Protein chains: 2
Amino acid sequence: MEEKTIKVHLSNTKKAKPAADQLEFGRVFTDHMFILDYTEGSGWHSPRIVPYQSLTLDPASIVFHYGQTVFEGLKAYVTKQGEVRLFRPEKNMERLNRSNNRMCIPQIDESLALKAIKELVNLEKDWIPTAPGTSLYIRPFIISNEAYLGVAPSKTYQFIVILSPVGAYYKEGINPVKISVENDFVRAVKGGTGEAKTAGNYASSLKAQELVSNEGYAQVLWLDGLEKKYIEEVGSMNVFFKINGEVITPELNGSILEGVTRNSVIQLLTHWNVPVYERKISMDEVYEAYKAGLLEEAFGAGTAAVISPIGVLAWQGEQMKINQGETGEISKKLYDTLTGIQYGTESDPFGWTEKVE
Amino acid sequence: MEEKTIKVHLSNTKKAKPAADQLEFGRVFTDHMFILDYTEGSGWHSPRIVPYQSLTLDPASIVFHYGQTVFEGLKAYVTKQGEVRLFRPEKNMERLNRSNNRMCIPQIDESLALKAIKELVNLEKDWIPTAPGTSLYIRPFIISNEAYLGVAPSKTYQFIVILSPVGAYYKEGINPVKISVENDFVRAVKGGTGEAKTAGNYASSLKAQELVSNEGYAQVLWLDGLEKKYIEEVGSMNVFFKINGEVITPELNGSILEGVTRNSVIQLLTHWNVPVYERKISMDEVYEAYKAGLLEEAFGAGTAAVISPIGVLAWQGEQMKINQGETGEISKKLYDTLTGIQYGTESDPFGWTEKVE
Ligand SMILES: Cc1ncc(COP(=O)(O)O)c(C=O)c1O
Ligand SMILES: Cc1ncc(COP(=O)(O)O)c(C=O)c1O
């Protein structure tokens, strides 16, 4: 059974929209949401847009106990031309299905999911902020809602999309952050769920994050869970290092999330003839490069911040100051190009953006 | 603010109770539930027993996205004497707070939580099945319900207790199961969340479990995430091996759950002067013992099954048949003693059970 027509039930009331300078990340949601149900036997069914509302779930729902859930994160932008555009949304839908596979959640129709996102964004287009750097954050997610305490995949699910207008990540322009390398806690390990975008990975990251923020760091840099030697990710971003003219990012090894921004960065660097390598990279290598004066730049890459330059990297009592704590040239160029493509101020040679109408 | 008085709002309707021979695990819930709220600044407040009902949660609630949640599992038994008793419930409350600590959830008042469980169980005592091996499963859990998409600990929570009458784990007496040693997937790793009873650990176990059940195995035996060498747990149980007269169980290493049954087994064995060791134990060691004819018994230990003898252990293409696929002597004695203490047919020398009244 494949119903492709999305029923729309409009809200009678409209919420007040936050002022442009009051926008935060993920606190305010728009007037409507999208819901699609899954029932064993019937598959995914009943696509609908409804007023933004609370979910009603049996307290025994699997999601509360065994965390069988996946999510995605992408953004809609109002371009210079006044169009509403998404950035490579099909990549998010592909990753959603890869996450589903790992978490024993049934595959979803990617084109229906994307259609739903576009219809919802279009309906809510007045909610998309237009000030520089602002956007509409799109959060598709799937929850398991069978009321059963056995440890087994749920027989019912809901795919839901909610939207949140978000402010500019950098209030005063792109700005380097302080990052602490994590030596005790582990985010993910090969054979675990690190390459899926699933709740448990984020739950397990809270403690380390809490401890380092108390020490003034923005995020932790995660090392591999086996040897605590190789670099994995930084906070909710993939990470890149520029060493002696070459850019290196950890290879996809099963415990790292395959970021859409990561992929775009690699393509851009290749396009610019900057040598870029996906390979194992250890903290020792980074530290040696630093000591030799060859660690030129380091940055995180993810949907939220786009590019997040690393100004200070703390590891084993050492504070490595990278590029004098300033945003590096490649970081800046990547940020400008990616946001330029997203906001339509630069051309889109890869056809990465998609119009919502 | 510490309110210790539990408000009770009784249900107007009573559900039909399942017939003794129809009882499953975790599918049917009683007429009432317990709820306690947490709000930053006010702490835990408003303890109440209410009719069993759906939870109403904002779709942006942290639990759906980042899985910040913990749970416990214990049982109430009707004893031979007609009393309602719990088995070492204070251990579950202590573990709940250890899990809370790892998951950045505020500590809960253990005595209030236990009081709530007792009041709820007492109110629902007609729901406790009395046929041999049946019990009332108690599921306390905490969910994070702040509506916020930032990756950060929630500022609000609910502690909830639901009850489910459950059938005998072994319909025809204690019976050995087939277990497959997992070589690809990993449940938990040191520095991760393995020692906390939190949703993500169970979500990550679903895939391996699904694959082995297709091959006719009841559960997987997890190896350590680092070397895939040392034994960790089996399904949702701790695991014990009897080799040449000595009982060995993996030591608490940060990635294993500290089971209440595990602790009780160790105490009983010590009491019986059976040598018992908590230490690293590798699959190689188990296999060598098997080859040498010294692997006498293997069993899982957990609240659900109490003791689950392992009849066949599959590893690297080898099917090790343990104790001719029969329940071993120690397994049987532990099962009989533990259930005897729980159901009041044996004395309780350790004072493990606690009366509900
Ligand atoms: C753990 C993790 N790594 C990396 C990323 C970056 O992925 P993307 O570029 O698709 O946003 C994310 C998501 O934002 C993430 O949660
Ligand atoms: C992963 C895991 N290991 C072990 C156990 C056994 O713990 P307990 O004996 O407290 O039930 C459980 C819980 O049942 C569990 O979920």
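Quick notes on this structure:
- Flag if B:GLU288 is within 16 Å of ligand 2 (Cβ to nearest atom), at negative phi and of a type in the set (D, E, K, R): no
- Considering segment A:187-196, and only residues there that are within 13 Å of ligand 1 (Cβ to nearest atom) and at the interface with chain B (Cβ under 10 Å from one of its Cβ atoms), the residue that is farthest from the chain's Cα centre (by Cα) turns out to be A:GLY192.
- Residue match in segment A:218-237 (condition: free of Cβ contacts under 8 Å to residues at least 24 places away in the same chain, at the interface with chain B (Cβ under 10 Å from one of its Cβ atoms), within 28 Å of A:GLU326 (Cβ to Cβ) and more than 16 Å from ligand 2 (Cβ to nearest atom)): no
- Segment B:238-275 - residue that is of a type in the set (Phe, Trp, Tyr) and within 16 Å of ligand 2 (Cβ to nearest atom) and, of those, surrounded by the most Cβ atoms within 10 Å (Cβ to Cβ): B:PHE240
- Here B:ASP126 meets the list (1) of a type outside the set (A, V, I, L, M); (2) at the interface with another protein chain (Cβ under 7 Å from one of its Cβ atoms); (3) open to solvent by 20 Å² or more (accessible area, probe 1.4 Å) almost entirely, failing just condition (2).
- Filtered residues of segment A:291-304 (kept if closer than 20 Å to A:GLU258 by Cα and either touching a strand residue (DSSP E or B) at 6+ places or on another chain (Cβ under 7 Å) or within 16 Å of ligand 2 (Cβ to nearest atom) (or both)): A:ALA298, A:PHE299, A:GLY300, A:ALA301, A:GLY302, A:THR303
- Looking only at residues in segment A:328-344 that are touching a helix residue (DSSP H, G or I) at 6+ places or on another chain (Cβ under 8 Å) and open to solvent by 10 Å² or more (accessible area, probe 1.4 Å), the one that is nearest to A:SER180 (Cα to Cα) is A:ILE330.
- All positions within segment A:197-213 that are more than 16 Å from ligand 2 (Cβ to nearest atom), within 12 Å of chain B (Cβ to nearest Cβ) and not basic (Lys, Arg): A:THR198, A:ALA199, A:ASN201, A:TYR202, A:SER205, A:LEU206, A:ALA208, A:GLN209, A:GLU210, A:LEU211, A:SER213
- Test for A:GLY192: is it within 16 Å of ligand 2 (Cβ to nearest atom), assigned to a loop (DSSP other than H, G, I, E, B) and of a type outside the set (Ser, Thr, Tyr): yes
- Annotation: of all residues in segment B:158-180 being open to solvent by less than 10 Å² (accessible area, probe 1.4 Å) and among the hydrophobic types (A, V, I, L, M, F, W, C), the one that is farthest from the other protein chains (Cβ to nearest Cβ) is B:ILE179.
- Within segment A:87-132, tally of residues that are within 16 Å of ligand 1 (Cβ to nearest atom) and not in a helix (DSSP H, G or I): 3
- Flag for B:ARG139 being basic (Lys, Arg), at pLDDT below 95 and within 16 Å of ligand 2 (Cβ to nearest atom): no
- Pairs are defined by a Cβ separation below 6 Å, a sequence spacing of at least 6 or placement on different chains, a first member in segment A:15-43 that is closer than 18 Å to A:ILE142 by Cβ, and a second member that is of a type in the set (Lys, Arg); the pairs so defined are A:ILE35/A:ARG48; A:GLU40/A:LYS155.
- Annotation: B:PRO59 fulfils all but one of (1) open to solvent by 10 Å² or more (accessible area, probe 1.4 Å); (2) part of a loop (DSSP other than H, G, I, E, B); (3) of a type outside the set (Asp, Glu); (4) within 14 Å of another protein chain (Cβ to nearest Cβ); the unmet one is (1).
Residue-wise test of (1) within 30 Å of B:GLY73 (Cβ to Cβ); (2) within 14 Å of chain B (Cβ to nearest Cβ); (3) modelled with pLDDT under 95; (4) surrounded by 14 or more Cβ atoms within 10 Å (Cβ to Cβ).
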{"site": "A:SER46", "(1), (2), (3), (4)": "no, no, no, yes"}
{"site": "A:THR69", "(1), (2), (3), (4)": "yes, yes, no, yes"}
{"site": "A:LEU96", "(1), (2), (3), (4)": "no, yes, no, yes"}
{"site": "A:ALA113", "(1), (2), (3), (4)": "no, no, no, yes"}
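- Test: A:THR30 is of a type in the set (Ser, Thr, Tyr) and loosely packed, with under 14 Cβ neighbours inside 10 Å: no
- Of all residues in segment A:201-231, those that are open to solvent by less than 20 Å² (accessible area, probe 1.4 Å), in contact with a strand residue (DSSP E or B) (Cβ under 8 Å, 6 or more places away or on another chain) and part of a helix (DSSP H, G or I) total 3.
- Only listed residue being more than 29 Å from A:ALA168 (Cβ to Cβ) and within 15 Å of ligand 1 (Cβ to nearest atom), chosen from A:GLY254, A:GLY300, A:GLY293, A:GLY259: A:GLY254
The values are calculated or read from the model by the stated rules, or taken from the named source; none is laboratory data. Note that the structure is predicted; figures quoted are calculated from it, not measured. Virtual Cβ from ideal backbone geometry, glycine too; neighbours counted across all protein chains shown. The area values use the complete protein model at the heavy-atom level, side chains included, leaving out ligands, DNA and RNA. Shrake-Rupley method; radii C 1.70, N 1.55, O 1.52, S 1.80 Å.
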